[in-house]
Amino acid sequence: MKVAVITFPGSNCDYDLYKAAQQVGGDATFMWHRERGLAGYDAVLLPGGFSYGDYLRAGAIARMSPIMEDVIAFANTGGPVLGICNGFQILCESGLLPGALMHNKSMRFQSKDVFLRVERADTLFTADYEEGQILRIPIAHGEGNYEADRETLEALESEGRVVFRYVDSNGGTSDGANPNGSWHDIAGITNESGNVLGMMPHPERAMEELLGSTDGIALFTSLVASLQTS
Amino acid sequence: MTNATSTPVPPREGDPEITAEVVADHGLSPEEYERVQRIMGRDPTFTELGVFSAMWSEHCGYKNSKRLLQLLPTKAPWVIQGPGENAGVIDVGDGYALAFKIESHNHPSAVEPYQGAATGVGGILRDIFTMGARPVAVLDSLRFGDLDTGRVRYLFSGVVSGVGDYGNCVGIPNVGGEVQFDRGYEGNPIVNAMCLGLMKHEELITAAATGAGSPLMAVGARTGRDGIHGATFASEELSEDADESSRPQVQVGDPFTEKLLLEASLELIASGAISGIQDMGAAGITSSASEMAGRGGSGVELEMTDVPVREEGMTPYEILLSESQERMLVVAHPGREDEVRDILEKWELEAAVIGQVTDDGKFRILEHGKVVADIPALPLTEGCPTYEREGKEAEEITALREMDLTEHMIPEGDLTKTFLLLIGSPNVASKQWIYHQYDTTVRTATAVRPGGDSGVIRIRGTNRAVAATTDCNGRFVYLEPRTGTLAAVAEAARNLVCVGALPTAITNNLNFGNPLKAHIYYQLRESVLGMRDACSAFETPVTGGNVSLFNETDGKAIYPTPVIGMVGVIDDVSKITRHAFVNAGDDIVLLGANSGELGGSEYLYVTADLVAGEPPSVDLDGERALQQAVLKMNHEDVLNSAHDCSEGGLAAALAQCALGNGEAPLGIDVAIDEDLRPVVSLFGESQGRILVSVSPENTEQVLALAGHYDVPAQKIGTVTAGDDGFSMNVRGASLSATMPELADAYFGAIPRIMDAPAGSGA
């Protein structure tokens, strides 16, 4: 399974994502944002970081990188695309996912472990989880406050496209459990066809007991398994 | 050293004339100026004067500290690079080397906290990756006044955002550090940033300019007018109006460019196209070029009009002394300039040839081919006058130290109330408010995050990890500089053994007041002597560091604060221990002894607004034995947790172990019967103590191992379920609280102050 990890100027989780893909048997390759062509790749991963320093708006400049034209074409033909943190922001800016990621409600960068509830265990990215499973995953972002207009939110909910929600350790939603003010406690969503996932938390940082959690592994094994069976 | 002769250089049109006043404004004494004239064999030009001023500032020239620093131990078989380079380097096993260094950005942060702190982080990152190492962790050591004034809250909040935003953007995890709030830092906050970088031994590169004819290239950001004379500014006292007038001397950071520069530099080094690289940090092109020439025993010639600039009309003086950030000076192998340009271009950065290495030992500056400065390089970098001054302790310190503290040992009212007050003091309370603003997990290597005794970064592909901590209790150093510095080094070593790391080496940051004053020089000298003794005893040589003097506002100096950044090595990551208790039913064992010491304690500060008394004594042999005992216990797998006792004493340390990160607090049931007043047992800050929790079946072995090393040890109680609460009995006095009560005091303290609605408070 060939996985492309796209590096934008200012990406800083590209290496972590590359290692996570490798850990579950993915054949990962770094692609510089000015390279072109995704033919032969089975999945595309957009890493976290501060592409172009997050100047102007997080993800706003990166979406104009040459490779993004290919990423959009890849997604539109059903290819799996995963964007984490800054990758999620780029997906929203490029129109592959609806909504926007605003400054955290606290107006401060937040870095800590949060708990997520798996809302859908029947996507490309989550088949190895149980629905309702509670995950412990780190976050690290200043702009993770998910917002969309009412129509979009209703569509996301009614179509079951909210994949992860911020909860407390018992699985309940609350203001205290939501680290950034995201509407509907949204931590991750998919596009209509379910082949594009964007999420603010970092599953690639939850791959080893030594580092605090292994709850991210199933996301990557799910992706690999879906590609092997497709 | 003055036999190098200088060529005459006519004054540059438009430059000011050099008068006694101009010399004084450049921070040079009349005697120092005479020395410049002797070295030059003539009067210097204005440009040359600027160069001398920067290089002979305390910041670059260490003129008041060099003779003392030479007393420090710097060698050990595992030291690969000692002081004098961009960073120290040690061997950490399996072919890996660790580069590490600490640096201050105190003066800029006092004036513009966000940019001051941000550029402090930027500078220390560059010091690490110019050694060929990839930065893997940052720590920050901060000091502020009490949080009860709006000004201090503004400084604190700005510094934390600045440290966070810069490291977060570049993508280097913050793994630890420390902060102290005390009115002793009211006028001058301290912002020290430490960075660790890993590399394979063969990747090490140094900053020497060798090979006459080799091109010198400026890479990275362009040069602007920011930070001109920052080094000289950092070597002066601040006055009340420093805020406004000094802003132009503060640099502005761009972490995005830094990230690109980091990747480009590591790629440059790996390409083999360059032979040397150095950050243009303090004193910009001047210091990087002259120091590289000095180290290489060569000379340099630079053409100012070839330097990429941000603004029109910059003079050579301005270009030479600009401290614009995110710039590097590179020595390329002749003929490989295009390779350098290509790599920089890939990372969307510029590279320009601005001069060459020469063999005439001169630091020569041209403007349109005309010489504007021509200085012998070696006297410039090595000829800075150094001073040994008279030191004498201030009488009021002697008086403070001799103060009788007996009345404070008899508690007034409810001990539990005092205890809650103490763990809710920002000095003892949880620092989550700070480190939740720092990315701590990027690069997926952080095995112990901030909030523990030391940060731990594993080395991927091996079973090893490196650990790091920064420590210094400025109150102890203020009350007795030698003892206080022994305590700083000892605490750092304890923090390392608590996670299971062998203490290996230190970098230091000497933050002091104006050394021209006898009582400050006394503090500096005594402190260095204490550091020498402790580092020798623990076999932790000094591999470099930074000196920040003149931390005074309107004549009032900070507490002397020699921050120790210590690193250690863990050879088996499966043996890492953490500070939080893990199982109800475990035994709690105190290693080391409570002694009757209350001087310099947080208890005195909180209850009596007092910084007084003898600071806790330090027994170096006892500390060393304690470190060895804890490491042995760690190797034998008999510890479930380990935590150093520091600010707030035994009671605060127990609360920190019980609360952990707040997710799953456990209770304690502790009883102590010793011949000390309860207040002293609970809140005294005696050194040489580590709290461990142990499965009951291992307690006997732990006590026996302690005995083997002659370390006092006693079981003082047990870990209980969280619902059972926190209960201590000390000679009839008792402390008891529920865990939610404790958690609220401990975790809520700083947020309650910092997140209060605007307009409340002072």
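What follows draws every value from the coordinates through simple rules; no lab data is involved. These numbers were taken from a predicted model, which means no experiment stands behind them. Positions of Cβ are generated from backbone atoms using ideal geometry, with glycine treated the same way; all protein chains shown enter the neighbour counts.
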Residue list for region B:137-181, filter: among the charged types (D, E, K, R) and surrounded by fewer than 21 Cβ atoms within 10 Å (Cβ to Cβ): B:146, B:148, B:151, B:153
Residue B:663 vs. criteria free of Cβ contacts under 8 Å to residues at least 60 places away in the same chain and within 31 Å of the chain's Cα centre (by Cα): yes
Region B:559-579: number of residues that are buried (at least 24 other Cβ atoms within 10 Å of the Cβ), in contact with a Lys or Arg (Cβ under 7 Å, 6 or more places away or on another chain) and assigned to a loop (DSSP other than H, G, I, E, B): 1
Residue match in region A:50-67 (condition: more than 20 Å from residue A:219 (Cβ to Cβ), touching a Pro at 6+ places or on another chain (Cβ under 8 Å), more than 14 Å from every other protein chain (Cβ to nearest Cβ) and not hydroxyl-bearing (Ser, Thr, Tyr)): no
Count of residues meeting criterion [out of contact with any Phe, Trp or Tyr (no Cβ under 8 Å at 6 or more places or on another chain) and over 12 Å from residue B:441 (Cα atoms)] in region A:211-225: 8
Considering residues of region A:10-22 that are more than 10 Å from chain B (Cβ to nearest Cβ) and surrounded by fewer than 23 Cβ atoms within 10 Å (Cβ to Cβ) only, the residue nearest to residue A:221 (Cα to Cα): A:22
The one condition in (1) closer than 29 Å to residue B:736 by Cα; (2) away from chain A (no Cβ under 14 Å); (3) surrounded by 24 or more Cβ atoms within 10 Å (Cβ to Cβ) that residue B:452 fails to fulfil: (2)
Any hit, region A:179-186, residues being part of a strand (DSSP E or B) and more than 14 Å from every other protein chain (Cβ to nearest Cβ): yes
Hits in region B:136-152 (condition: assigned to a helix (DSSP H, G or I) and either β-branched (Val, Ile, Thr) or within 14 Å of another protein chain (Cβ to nearest Cβ) (or both)): B:152
Of residues in region A:87-112 being part of a strand (DSSP E or B) and surrounded by fewer than 24 Cβ atoms within 10 Å (Cβ to Cβ), the one farthest from the other protein chains (Cβ to nearest Cβ): A:100
Qualifying residue in region B:521-531 (condition: among the β-branched types (Val, Ile, Thr) and part of a loop (DSSP other than H, G, I, E, B)): no
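Conditions tested, residue by residue: (1) touching a Cys at 6+ places or on another chain (Cβ under 8 Å); (2) of a type in the set (Phe, Trp, Tyr); (3) surrounded by 19 or more Cβ atoms within 10 Å (Cβ to Cβ); (4) away from chain B (no Cβ under 14 Å).
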| residue | (1), (2), (3), (4) |
| --- | --- |
| A:138 | no, no, yes, no |
| A:145 | no, no, yes, yes |
| A:152 | no, no, no, yes |
| A:156 | no, no, yes, yes |
| A:162 | no, no, yes, yes |
| A:166 | no, yes, yes, yes |
| A:177 | no, no, yes, no |
Check on residue B:421, under 21 Å from residue B:652 (Cα atoms) and away from chain A (no Cβ under 14 Å): yes
Residues of region B:338-371 satisfying the condition of being of a type in the set (Phe, Trp, Tyr) and within 14 Å of another protein chain (Cβ to nearest Cβ): B:347
